[in-house]
Amino acid sequence: MHKRTLRPWVARHGVFCGVMLLCAVGGAVFLYGYTDVLCGEKRFPYCLSPAVLWASGRGLWAPDGIYPPLHGFVTQEQPSVDAEAVRNIGTAPLTDFHACHQYLLYLVGAAWRVFGISWGVFRLVLLLFFCATAAALYGVFRLGMNRWVSAMATLLCMFSPGMLAALFNLRDYSRAFFAFAAIALLGLMVKHGVTRSRVLGGAALLGLVVGLGLGFRQDILTCIPPALFVMLCLAPSVAPLRYYWRVAAVALFFCVIVLSSFPILVAIRQFGPTTSHHIIGGFAVGLEDHLGVGRASYQHLALCDDRYIHATTSSYARRALDASEPVAFLSPEAAKVGDRYVLAMAAAFPADMLARGYAGVLRILRGPGQDGYPSLLHDPMSRTVWRIERMLGAGGGAVLCGLAGIALVLLGLSNTRHAWAVLICVLYFCSYISLQFQLRHCFHLFFIPLWLAGYAVNRAHDGVRSLCEESRRGTLRSNLETARSAWRAPAKRLATFAGCAVALVVVPFSGARAVQDARVARMNQELSVASLEELVTELVIEDRRALVRPIVPVTDMNLMQDPDEVPDWLFHDAYLVAVFDASQRARSLRVRYDQDEGGNEFTTSLVIGPTGNDPSRETRVFFPVYETLGARKKGSMGGWIRFAGIEMRQADLGSFRGLYRVAEARRFPLWLEWCVPGDPDRFIPHQAVCTRP
């Protein structure tokens with residue numbers, strides 16, 4: 001390359017090439033220096049079995065059993081396996097999990113077919129995704145800052161412990177690349193505007209990104225709403241552009257998605273979508289606590305467990321929807337029931353849904369430094385980055401949240417359209433993680449506070465540099481005098497933007513809270529007067545803990561019965577009530593289950609806050625109970641599970657009045673863990689957003 005053309009190329013692309021080189025070298029050192037088991041998700045390694053068969057020339061099939069050579073490799077007991085050793089393995093059709101992740105399996109299988117079936121080659125695939133993700137993320141940062149700030153922000157984000165810990169699971173990590181690519185394309189449309197060719201080309205590329213990403217992880221579907229909003233409304237026209245071209249771009253967008261993900265869409269239609277199943281799991285109290293949502297006098301869900309979620313939806317179908325037949329796990333019928341359940345929860349608790357979304361925004365804006373250091377990382381590089389994140393997230397993330405606010409103010413002063421684009425992006429992508437908040441689902445979104453902080457730093461740098469240049473030229477005073485009148489229009493734009501943004505956040509939340517408080521008050525009143533049936537119990541004392549065990553079955557299931565004589569439902573349910581005296585002291589309660597070796601652990605804990613000053617008033621604690629015969633019943637997911645009783649401290653026995661069953665439980669479509677306090681003023685009708693971690 002000629003010297004005259006080389007210098008401009010280096011000036012334009014040298015920083016990006018340096019970032020990619022550092023990511024390639026650092027990622028290789030990290031991946032090939034890591035000696036523990038890859039693929040942190042417990043079931044994911046074995047789900048790569050079809051990729052092994054495809055690499056050996058058998059086609060994309062699942063094994064029909066456990067074969068020592070294949071089992072030893074996928075469980076990572078062996079570093080590699082010869083293709084001839086697995087060529088005669090019996091095959092079976094793909095499961096729902098395999099069919100919905102075909103592109104991931106084809107990618108890994110292609111690498112294994114070319115380079116050999118080994119975990120070293122799998123590390124090469126991970127490194128490829130790591131570098132591709134870094135390139136897409138650099139493009140996102142370049143939308144709002146210069147090359148050097150973008151490079152530092154990209155490296156800080158890519159080598160953060162959260163990103164490195166997620167790298168071991170390709171299924172989870174792949175969402176980062178496709179999300180960053182989609183956001184970069186949308187940002188280019190908003191920043192540079194669209195013409196007829198740009199909007200059509202951008203729609204095609206976006207559709208390809210979403211369609212291919214769907215074969216790795218269905219989360220990429222969350223990019224569809226912002227894509228529609230940008231193409232139809234937010235992207236400015238830099239040349240005369242009739243609106244029907246925007247509509248045509250949307251149509252092209254969906255056509256490319258369908259064409260590029262057709263096998264995946266067929267699998268989703270065949271096996272049923274799992275979206276509602278995961279959303280219901282996000283209602284679990286443990287995930288809401290981690291998200292930063294303050295507790296109310298009820299809990300939406302006790303556990304984020306597949307079998308417990310299925311029990312909840314099966315019970316809802318039987319009681320509220322009058323289903324005549326059992327609902328199979330993750331079937332199309334289960335998806336429909338799950339959708340109905342999610343809609344019922346949203347209708348009953350609209351303010352809680354918004355509170356969870358706002359808590360997700362705060363959780364992301366505070367940065368990743370508030371989380372503990374991942375136990376599976378031992379290298380000094382990631383620990384150093386973690387210390388930097390801890391410093392940025394000090395004071396409950398006050399530094400990052402402050403810089404985010406400054407960035408929005410600067411955007412509002414310079415370009416209202418860009419400010420709205422960034423605000424909507426932050427609210428949307430940070431709030432949707434509340435549907436099921438786990439760090440493996442949102443590790444990539446911690447780029448958002450870094451982007452806002454980088455934008456604020458970049459604008460501050462540009463402002464100081466401009467002032468210094470004007471000071472050297474002696475024009476600073478005159479420019480400041482003329483700037484007073486020029487600032488009036490930006491100030492008006494900022495005031496309008498700020499007022500509309502506050503209204504966008506506050507008005508829906510206030511309205512939803514008023515609606516929910518009225519509905520929840522009615523539900524609480526109905527539960528407070530519900531007729532109860534007392535259960536005969538026995539008391540067992542175990543290590544200063546008291547177990548109140550029912551003597552007779554609480555549901556229509558009996559382990560001593562012939563499975564054919566038990567009602568056809570996989571799960572049998574009851575809505576129980578523990579009654580206590582009102583007390584100023586907080587109490588804890590455990591709902592205990594017995595299960596065989598194949599049964600899931602359904603045991604949950606309840607924390608009962610102060611319920612009143614008058615001990616003569618009763619406090620009712622409602623909770624659902626689910627039992628199953630398990631493997632003795634056709635279609636079950638595991639072993640039997642049976643309600644064992646409620647466990648409390650011995651000191652709380654004096655205020656315990658008894659264990660009851662709700663007589664007309666079908667009147668209540670939603671069976672939640674619910675506390676009706678003795679003092680009505682102690683009832684908390686909604687969740688709150690915790691402003692401090």
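The figures follow:
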quantity: Positive dipole terminus of the chain, leading residue within Met158, Leu403, His277 (C-beta point charges); calculated: Leu403
quantity: Pairwise Cα inverse-distance average, inverted: Kirkwood Rh of the range 125-179 (Å); calculated: 11.3
quantity: Cα-based Rg / Dmax (Å) for the range 96-141; calculated: 12.8, 37
quantity: Label point distance in nm, Gln76-Asp96, each placed 7 Å from Cα along Cα→Cβ; calculated: 2.7
quantity: Solvent exposure of the range 192-339 as accessible area per residue, Å², 1.4 Å probe; calculated: 41
quantity: Tail weight of P(r) past 17 Å, computed on alpha-carbon pairs of the range 266-359, percent; calculated: 50
quantity: Cα-based Rg of the chain normalised by 2.2 N^0.38 Å, two decimals; calculated: 1.08
quantity: Rg and Dmax of the range 145-231, Cα atoms only, in Å; calculated: 14.5, 42
quantity: Neighbour count of at most 12 Cβ within 10 Å plus DSSP loop: longest trypsin sites (Lys or Arg not before Pro)-free window in the chain; calculated: 243-543
quantity: Debye, to nearest 20: dipole size of the chain, +1 on Lys, Arg Cβ, -1 on Asp, Glu Cβ; calculated: 4120
quantity: For Glu673, residues with placed amide H under 5 Å, excluding near neighbours; calculated: Gln299
quantity: Among Val540, Phe668, Phe73 - extreme Cα towards positive end, dipole of the chain, charges at beta-carbon; calculated: Phe73
quantity: For the range 646-685, alpha-carbon Rg and Dmax in angstrom; calculated: 13.2, 34
quantity: Solvent-accessible area, 1.4 Å probe, carbon plus sulfur percent, for the chain; calculated: 61
quantity: Angstrom value of the Kirkwood radius, inverse mean 1/r, which spans all Cα pairs in the range 233-280; calculated: 13.6
quantity: The range 67-190 - accessible surface per residue (Å², probe 1.4 Å); calculated: 33
quantity: Computed helical MRE - 222 nm, the chain, DSSP H runs ≥ 4 contributing -39500 (n - 2.57), nearest 500; calculated: -17500 deg cm²/dmol
quantity: Candidate residues Met523, Met145: accessible-area rank, largest first, probe 1.4 Å; calculated: Met523, Met145
quantity: Crossing angle, helix 3-33 versus the chain [Cα axis fit, 0-90 degrees, rounded to tens]; calculated: 30
quantity: Rh (Kirkwood; distinct C-alpha pairs) - the range 66-210, Å; calculated: 17.8
quantity: Interchain or long-range residues, amide H under 5 Å from Gly645's placed H; calculated: Arg592
quantity: Calculated over the range 40-139: convex hull of Cα atoms, volume per residue (Å³); calculated: 103
quantity: Cα-based helix-to-principal-axis angle, 102-115 vs the chain, degrees rounded to 10; calculated: 60
quantity: In degrees, nearest ten, helix 447-473 long axis to first principal axis of the chain (Cα); calculated: 30
quantity: Amide N of the range 261-305 lying under 15 Å from the label point, which is placed 7 angstrom from the Cα of Phe254 along Cα→Cβ; calculated: none
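The values are calculated or read from the model by the stated rules, or taken from the named source; none is laboratory data. No experiment lies behind these values; they were computed from the predicted model shown. All Cβ positions, even for glycine, are placed from backbone atoms using ideal geometry, and neighbour counts span all protein chains on display. When the accessible area is computed, the model is the full protein with side chains, heavy atoms only, and any ligands, DNA or RNA have been set aside. Shrake-Rupley method; radii C 1.70, N 1.55, O 1.52, S 1.80 Å.
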